[in-house]
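The next block holds one structure in the form of structure tokens; read it before the comments.
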Amino acid sequence: MQDDSNPSARKPSEIGRRTLFTAVAAGGAVSLANALSASAQTGPAQAASREMLKPRTAPTGAPSAAAMQAETAPPPASEVFEARSGSDYMVDVIKALDLGYVATLPGSSFRGLHESLIDYGGNAKPELLTCLHEEISVAFAHGYAKIAGKPMGVFLHSVVGLQHASMAIYNAWCDRVPIVMFVGNTLDSAKRREGIEWYHTALDNGAIVRDFVKWDAQPTSLEDFNEALLRAYGLAVTQPAAPVLISVDTELQEAPIPVGKRPVPRLTLPTQPVGDPAALAKAAAMLAKAEHPVIVVDRMVRTPEGMAHLVELAETLQCPVIDKRGRLNMPSSHYLNQSENARGLIKSADVILGLELTDPWGVVNTLLDRIERVERHTAAPGVKLITLSTHDLLIHSNFQDFERYQPSDLAITGDAEATAPYLIEAVKQALPKGQQAAMQARSDKFRAAHADTRRRAYEEAAYGWDASPVTTARLCAEIWPLIKDSDWAFVGANSSFQSFWPQKLWDFDKPYQYAGGSGGAGLGYGAPAAVGAALAHREHGRLVVNIQGDGELMCAPGSLWTAVHHKIPLLTVMHNNRAYHQEMMHIQRMADRHERGVASAHIGTAIDSPFIDYSKLADSMGMWAAGPITDPNELGAALKKAIDVVKRGEPALVDVVCQPR
């Protein structure tokens, strides 16, 4: 007897008949032809039948009259009301915040809020931005916030949308970046439609991400929503900044506003936390007495004023700065930026000042990657460590983003950028008179070291200049003369994957020119964060460049479409090494450890058979694209054409087949 419950057990002709009858019931030759094309029929006779049944004119995709009537008929009188809905009031509250945009993949759980934003709110301040995945939406907002200096909103669809977004939320949490997120939910079980609304609802939606958001709330009234959102925004932007989440009930969105609602209260923002004056005076005395002080900075600078304060502090002490590049903290062209000489400076330092460090332990120690992992102290014996940071104010127990514990000789709690002016004044008062000669000697030493570092970088960049695949040094060297005379910015993922060649060869002197990496090192950040950052740069007319890893782009390729759709000018240059190369190196390390050779390390790590053509991928989404380029002598011309496209306000992509790093 035929098993109708198992499709694989049916005869091909039976599958065809069932598909045919379903298509006929749906109505129209277009549906029939599509259904036949998707069926299991594979023989010549079936192919001929499909060809005969194809429509002779281009399909319009128009639905049947009955379907049109169902879609366009006015709703029942019971569903129409003249009063404003709860989501209209929510939009009023959202407009009270400094949110210029809301990124979203559309979802039914926030349909009321979506419609109110675009119709009642006029789709302006905030403007809705369409993304093709929730992870893209959050990473987009992540990149935007680091450049704009303020958060973006994100709409997420209930349980599944929040699950999709969770990796990007974790990145933003680790990177201490503010994002204001709204997630739809249907709390009243009696109001949930059968099927999807049950699968996509949670009693406590925030539990999915609570360990890596700063605060979340599930308001049960419009007044509750009002207060929760204003509180959430203030918490998000106060250092240490981080994402916040508001769960928005569907009934609260869609029901009419009850009579007697109060107006939206005014948003008030707290000042940023500043370090204790007595502790700053003590730190200043330690720095002033030091013979070899060193400043190590990670995520301090958010504004031009922050960078100016760091430069002034370093120049006051004539003290070298090691920039860990969590943000662009110190101008790369400044002689006191000694980041490339970090190892020797740490080894000889007698006092180290750490500013917004995410890993103080890793500044003065290292853990060797061996079977028996051995730690090694990399700083001088007796070195004094001062830390000024808000990082420890936002530690949860489960996710281990807080790094290893490192005792400090003086740990000051406060936002380093906000505290810097007070520390500078304390240092000026603590410096003894008559140190001009010693300060001049330090200055001369570091000027010479900086010049030597730049000279060596230019020499090393010339190695393999004509090699194919293209070296990452040549890739960055070809970009620099095309952007250096513009107001430019470098965005996207951590430049360690290009061996920091941009920082070695380009002159970074404005904080917006580099925003650091992803925070949590979760794949999928680079491309959408670059698009979000480029949006923030767009209003300033800046020329924005992203050097994009190939494997990471495939985690969120739809971000290219968002750039085209919203006309966000961005040059994406593919670092196409055709592999997950970092993981390949890990496999090689394991193979070497077992003395098995590295010939098989490409299995599971190479992106080949076939190679991905990223120019065609970009072109399919309406983006100008060139490549794949394997001849380095063709690179300059392709980049110039792409930059011309970006300068006229459109995104462009150049696919470059590159050396691994």
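List of remarks:
- Selection count where residues are assigned to a loop (DSSP other than H, G, I, E, B), within 27 Å of the chain's Cα centre (by Cα) and either under 24 Å from residue 302 (Cβ atoms) or not assigned by TED's automatic domain parsing to the domain that holds residue 297 (or both), scope region 400-420: 5
- Selection count, region 627-644, where residues are β-branched (Val, Ile, Thr) and more than 26 Å from the chain's Cα centre (by Cα): 2
- Segments classed as strands (runs of 3 or more DSSP E), wholly inside region 79-190, with at least 1 members that are in contact with a Cys (Cβ under 8 Å, 6 or more places away or on another chain) and among the polar types (S, T, N, Q): 101-104
- Considering (1) in contact (Cβ under 8 Å) with a residue 40 or more places away in the chain; (2) closer than 14 Å to residue 503 by Cα, the lone condition that residue 465 does not fulfil carries the number (2).
- Count of region 192-239 residues, restricted to those that are under 20 Å from residue 394 (Cβ atoms), part of a loop (DSSP other than H, G, I, E, B) and either free of Cβ contacts under 8 Å to residues at least 24 places away in the same chain or charged (D, E, K, R) (or both), is 1.
- Restricting the search to helices (runs of 4 or more DSSP H) fully inside region 471-545 and requiring at least 3 residues that are touching a Phe, Trp or Tyr at 6+ places or on another chain (Cβ under 7 Å), within 23 Å of residue 655 (Cβ to Cβ) and not charged (D, E, K, R) gives 472-483, 526-538.
- Among the residues here, residue 467 qualifies as assigned to a loop (DSSP other than H, G, I, E, B) and at pLDDT 95 or above.
- Scanning region 306-333 for residues that are surrounded by 20 or more Cβ atoms within 10 Å (Cβ to Cβ) and without any contact (Cβ under 8 Å) to a residue 60 or more places away in the chain yields a count of 6.
Residue-by-condition table, conditions (1) touching a strand residue (DSSP E or B) at 6+ places or on another chain (Cβ under 9 Å); (2) of a type outside the set (Val, Ile, Thr):
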site	(1), (2)
99	yes, yes
104	yes, no
110	yes, yes
113	yes, yes
150	no, yes
155	yes, yes
187	yes, yes
190	no, yes
198	no, yes
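- The residue that is surrounded by the most Cβ atoms within 10 Å (Cβ to Cβ), counting only those in region 412-437 that are over 30 Å from residue 237 (Cβ atoms) and free of Cβ contacts under 8 Å to residues at least 24 places away in the same chain, is 435.
- Screening residue 258 against (1) in contact (Cβ under 8 Å) with a residue 60 or more places away in the chain; (2) outside any helix (DSSP H, G or I); (3) not basic (Lys, Arg) leaves a single unmet condition, (1).
- Beta carbons closer than 7 Å, at least 6 apart along the sequence or on distinct chains, pair a first residue in region 490-508 that is on the phi > 0 side of the Ramachandran plot with a second that is part of a helix (DSSP H, G or I) and of a type in the set (Val, Ile, Thr) for 499/472.
- Scanning region 479-513 for residues that are surrounded by 21 or more Cβ atoms within 10 Å (Cβ to Cβ) and charged (D, E, K, R) gives a single hit, 504.
- Yes/no for residue 380 being surrounded by fewer than 19 Cβ atoms within 10 Å (Cβ to Cβ), of a type in the set (A, V, I, L, M, F, W, C) and part of a loop (DSSP other than H, G, I, E, B): yes
- Residue in region 421-438 that is among the small types (Gly, Ala, Ser), within 32 Å of the chain's Cα centre (by Cα) and modelled with pLDDT of 95 or more present: no
- Whichever residue in region 334-355 is over 23 Å from residue 391 (Cβ atoms) and more than 30 Å from the chain's Cα centre (by Cα) and, among such residues, is surrounded by the fewest Cβ atoms within 10 Å (Cβ to Cβ): 344
Here's the yes/no breakdown for (1) more than 15 Å from residue 248 (Cβ to Cβ); (2) surrounded by fewer than 23 Cβ atoms within 10 Å (Cβ to Cβ); (3) under 25 Å from the mean Cα position of the chain (by Cα):
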{"site": "96", "(1), (2), (3)": "yes, yes, no"}
{"site": "102", "(1), (2), (3)": "no, no, yes"}
{"site": "110", "(1), (2), (3)": "no, no, yes"}
{"site": "115", "(1), (2), (3)": "no, yes, no"}
{"site": "129", "(1), (2), (3)": "yes, no, yes"}
{"site": "144", "(1), (2), (3)": "yes, no, yes"}
{"site": "167", "(1), (2), (3)": "yes, yes, yes"}
{"site": "173", "(1), (2), (3)": "yes, no, yes"}
{"site": "188", "(1), (2), (3)": "no, yes, no"}
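- Residues in region 583-603 that are surrounded by fewer than 15 Cβ atoms within 10 Å (Cβ to Cβ) and without any contact (Cβ under 8 Å) to a residue 24 or more places away in the chain: 583, 586, 590, 592, 594, 595, 596, 597, 598, 599, 600, 603.
The values are calculated or read from the model by the stated rules, or taken from the named source; none is laboratory data. Keep in mind the model is a prediction, meaning the values are calculated, not measured. Because the Cβ atoms are built from the backbone with ideal geometry, glycine has one as well, and the counts that use them run over all protein chains shown.
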